[in-house]
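I have placed the structure first, in the form of structure tokens, so that the comments after it can refer back to it.
The values are calculated or read from the model by the stated rules, or taken from the named source; none is laboratory data. Source: prediction; values computed, not measured. Glycine gets a Cβ as well: all are built from the backbone with ideal geometry, and neighbour counts include every protein chain shown. Just the protein is used for accessible areas: all its heavy atoms, side chains included, with ligands, DNA and RNA removed. Shrake-Rupley method; radii C 1.70, N 1.55, O 1.52, S 1.80 Å.
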Amino acid sequence: MDEGIPLAAGAGRADSVAPHTTPAHVGPSAGGQTPVPCWLMRGGTSKGPFFRAADLPADTAIRDAVLLAAMGSPDPRQIDGLGGAHPLTSKAGIVSISDRDGVDLEFLFAQLQPDSGLVDTTPNCGNMLAAALPFAIESGLLTPDGDTTTARVLTVNTGLVAEITVRTPLGPAGRYVEYAGDARIDGVPGTAAPVEINFLDTAGSVCDALLPTGNLRDTVEIAGVGAVDVTCIDNGQPLVIINAGDLGRTGRESAVDLNKDTELKARLEDLRLACGKLMGLGDATDKNYPKMTLVSAPATGGAVNTRSFIPHVCHESIGVLAAVTAATAAILKGTVAHDVAILPEGTDMTVAVEHPSGEFTVQLGLDAEDPTKVVKSALIRTARLLMAGTVMVPAHLSFQEHTL
């Protein structure tokens with residue numbers, strides 16, 4: 001990076017990080033398998049293995065095979081890997097130091113599915129993003145030298161850039177990532193240290209614009225229902241927002257009940273495929289976006305109530321960037337979400353997005369001269385290192401010669 005652009009507030013690049021280092025205890029007992037350095041992280045309400053890019057194959061096909069083997073996919077139980085048999089625990093992160101101006105770290109998010117052999121690196125994940133900076137410090141990519149460490153992180157998938165800040169106090173052995181604290185997020189038990197995320201430019205992260213159809217709402221015909229009003233929006237995550245009542249639901253059903261609702265899920269998929277084309281995303285059949293979000297009037301004092309599908313399973317809470325996008329839709333006059341929302345006054349506001357596990361608070365700011373332009377999207381998440389070591393992958397995936 002240029003000398004005039006700071007690497008990070010309170011951080012520096014490690015002098016040397018050896019790629020594909022193997023702990024001394026991994027020897028013949030590994031049974032000829034290939035050990036890969038791995039840090040299992042929780043980021044927000046998701047979790048999965050994180051890897052340094054230099055420890056993985058440069059070849060995309062081989063890299064994806066390694067990720068599938070590490071997670072145990074495809075298998076509904078993921079019994080032969082680290083996956084947790086759910087989309088929220090079938091995620092992976094790959095992080096590297098960046099040489100781009102104004103960026104410190106590059107984060108590649110990979111969405112896997114328990115019962116699929118696909119590795120999708122096209123969507124964002126704000127929850128896993130929350131673990132990117134803690135991982136970079138834990139894995140030796142960055143060295144903190146202040147009580148807090150801030151880094152600019154580029155999500156390679158979509159070009160989204162965020163400033164992330166974590167606490168890095170001084171301990172007997174040097175500075176470390178503090179995981180204990182008083183921050184609480186719904187969907188995660190207990191409290192933890194806050195991870196502050198300030199998104200710098202989220203509008204049109206995957207699509208071409210905040211409102212990819214050019215409209216605050218569109219009307220789409222779906223089988224068995226007829227004409228339905230939707231809002232197609234992308235402020236970090238492409239969403240299709242529908243009033244739950246238009247599909248004969250209250251929007252307050254539990255995630256368990258909605259996942260059993262095969263009729264609803266079939267209609268949502270028809271709608272998703274139709275809206276994917278309207279949003280310029282092409283055939284979304286094998287894509288993890290757009291995601292579907294049912295909205296209804298708030299039930300517990302928030303701004304808007306949601307049920308988010310990711311895209312075929314109802315989220316037990318809501319994804320970070322889905323919450324940002326749903327909140328954005330709620331404050332834009334003329335959208336489906338705005339119809340049911342209860343909002344504070346002003347152009348800078350705190351928007352509480354209700355979901356099955358509680359609520360997700362988003363700080364949003366609108367341009368005073370152009371109320372359709374979002375100038376601020378910020379929030380608090382938490383993260384935690386769960387395990388550090390090596391994940392073993394089958395011997396036929398030996399790839400040391402392919403690493404960067």
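Any aspartates and glutamates with Cα under 18 Å of the residue 260 Cα? List them, leaving off those in the same chain fewer than 8 positions away.
Within the straight-line cut-off, residue 260 pairs with 115, 269, 270, 316.
Any idea of the accessible area per residue across the chain, 1.4 Å probe, to the nearest Å²?
Accessible surface, normalised per residue, equals 40 Å².
Which of the trypsin sites (Lys or Arg not before Pro) found in segment 268-354 are loop residues per DSSP with 16 or fewer other Cβ atoms within 10 Å of their Cβ?
Filter output for segment 268-354: 333.
Only bridges whose two residues both fall in the chain count here: according to DSSP, what percent of them are antiparallel, nearest 5?
Close to 85 percent.
Which order, highest average first, do 98-108, 68-78, 152-162 follow once you tally other Cβ atoms within 10 Å for each residue and take the mean per peptide?
Highest-to-lowest ranking by the protection proxy: 152-162, 68-78, 98-108.
Can you pull the accessible area of residue 289 for me, 1.4 Å probe, Å² to the nearest 10?
Looks like 20 Å² after rounding.
Rounded to the nearest 0.05, what FRET efficiency do residue 208 and residue 58 give with R0 = 35 Å and r taken as the Cβ-Cβ distance? Could you check?
FRET efficiency, residue 208 to residue 58: 0.70.
Counting only residues 5 or more places away or on other chains, whose amide H sits under 5 Å from the amide H of residue 382 once H atoms are built in the peptide plane?
Excluding prolines and chain starts, which carry no amide H, the hits are 44, 195.
Across segment 204-209, in residue order, what do the Karplus-derived ³J(HN,Hα) couplings come to in whole Hz, using 6.51 cos²θ - 1.76 cosθ + 1.60 with θ = phi - 60° and x for Gly and Pro?
My calculation for segment 204-209 gives x, 5, 10, 7, 7, 7 Hz in order.
At 222 nm, what value in deg cm²/dmol follows for the chain if DSSP H runs of at least 4 each add -39500 (n - 2.57) and the sum is divided by all its residues, to the nearest 500?
My calculation for the chain gives -4500 deg cm²/dmol from helical runs alone.
Expressed as an acute angle from 0 to 90° and rounded to the nearest 10, what is the orientation of the C-alpha long axis of helix 262-278 relative to the principal long axis of the chain?
For helix 262-278, the angle is close to 80 degrees.
I need the peptides 198-208, 342-352, 44-54 ranked by packing, meaning the mean over residues of other C-beta atoms within 10 angstrom, with the highest value on top. Could you put the intermediate results ahead of the total?
Values: 198-208: 19.4, 342-352: 14.0, 44-54: 25.4.
Descending packing order for the listed peptides: 44-54, 198-208, 342-352.
Give the ranking of 300, 148, 335, 390 by solvent-accessible surface, highest area first, calculated with a 1.4 Å probe.
Details: 300 115, 148 70, 335 0, 390 30 Å².
Reading off the accessible areas and sorting them downward yields 300, 148, 390, 335.
Quick check: pseudo-label points 7 Å beyond the Cα along Cα→Cβ at residue 115 and residue 283, how many nm apart are they?
2.2
To check you understand DSSP bridge types, tell me what percent of the beta bridges within segment 123-267 (both residues inside) are antiparallel, rounded to 5.
Percentage antiparallel, nearest 5: 100.
Using a Förster radius of 25 Å, what is the FRET efficiency between residue 246 and residue 122 based on their Cβ-Cβ separation? Nearest 0.05, please.
So the FRET efficiency works out to roughly 0.30.
Using the beta-carbon distance between residue 170 and residue 221 and R0 = 60 Å, what value does 1/(1 + (r/R0)^6) give for FRET efficiency, to the nearest 0.05?
E(calc), rounded to 0.05, equals 0.45.
Report the gain in length on full extension from residue 198 to residue 259: 0.36 nm times residue separation, minus Cα-Cα distance, nm rounded to one decimal.
Values: separation 61, 0.36 × 61 = 21.96 nm, distance 3.24 nm.
Value of the extension gain: 18.7 nm.
Short version: ³J(HN,Hα) in whole Hz for each residue of segment 153-160, in order, from phi by Karplus 6.51 cos²θ - 1.76 cosθ + 1.60 (θ = phi - 60°), x for Gly and Pro, what are they?
Listing the rounded values in order: 10, 9, 7, 4, 3, 10, x, 5 Hz.
Over what distance in Å are the Cα centres of segment 219-283 and segment 128-191 separated?
So the two Cα centres are separated by 35 Å.
May I ask you to evaluate 6.51 cos²θ - 1.76 cosθ + 1.60, the Karplus curve with θ = phi - 60°, for each residue of segment 246-258 and list the ³J(HN,Hα) values in order in whole Hz, giving x for glycine and proline?
5, 10, x, 10, 7, x, 10, 5, 6, 4, 4, 5, 5
For segment 291-372, with all protein chains present and a 1.4 Å probe, just round the carbon and sulfur fraction of the accessible area to a whole percent.
On the way: 1330 of 2710 Å².
Carbon plus sulfur share of accessible area: 49 percent.
I'd like the distance between the alpha-carbon centres of segment 373-391 and segment 304-324, rounded to an integer number of Å.
Distance between centres, Cα-based: 17 Å.
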